[in-house]
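Right, one structure below, let's go through it.
The values are calculated or read from the model by the stated rules, or taken from the named source; none is laboratory data. It should be emphasised that the depicted structure is a prediction, and the values quoted were computed from it without experimental measurement. Neighbour counts run over all protein chains shown; Cβ positions are idealised from the backbone, glycine included.
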Amino acid sequence: MRRRRPLNKIVRSQRNIVPYSPKIILHLTSTNRPNLDDLIEAFIRDGVKFVGVVGVEASFVEDVIDEIVVGDGTDASRFILTSSHEGQSLEAAIEFADGLSDEYAGEAQVVEF
């Protein structure tokens, strides 16, 4: 049986210059999301390739992320694979992310929002 690593809880301030990992699990802990646009733009800037969303209103937030990423549709370089894990545990979302391969391989960074 594979030993699970401890959850990597990241709380990032706007002054933090460390880039996000290419694979993110966005753990939604409330319905208050005033800076979601800025967070997604930071993901794009940092080259994030996958965002799995789990927690409060996960499906809705995944749709919003897709809209932010696509924007007006004129920039084909703006792409992030997303998934929603509505009603699932954080651990289940991490397990899903761990199963991604090829360009999406690697450890996921958990971002609480």
Count - residues of segment 51-63 that are in contact (Cβ under 8 Å) with a residue 12 or more places away in the chain, surrounded by fewer than 17 Cβ atoms within 10 Å (Cβ to Cβ) and of a type outside the set (D, E): 2
Need the failing condition index for V111 against (1) more than 13 Å from the chain's Cα centre (by Cα); (2) closer than 24 Å to D37 by Cα, just the number. (1)
Scan of segment 94-113 for residues that are farther than 12 Å from K23 by Cα and crowded, with 17+ Cβ neighbours inside 10 Å, ordered by number: F113
The condition of being at pLDDT below 90 and either of a type in the set (V, I, T) or more than 17 Å from A92 (Cβ to Cβ) (or both) holds, among R45, R5, R33, only for R33
Tell me which residues, restricted to segment 8-30, are closer than 29 Å to S101 by Cβ, modelled with pLDDT of 55 or more and of a type in the set (A, V, I, L, M). V18, I24, I25, L26, L28
Taking segment 68-109 and keeping only residues that are touching a helix residue (DSSP H, G or I) at 6+ places or on another chain (Cβ under 7 Å) and not in a loop (DSSP other than H, G, I, E, B), one is left with I68, V69, L81, T82, S83, S84
Set V70, V48: member being among the aliphatic types (A, V, I, L, M) and free of Cβ contacts under 8 Å to residues at least 12 places away in the same chain: V70
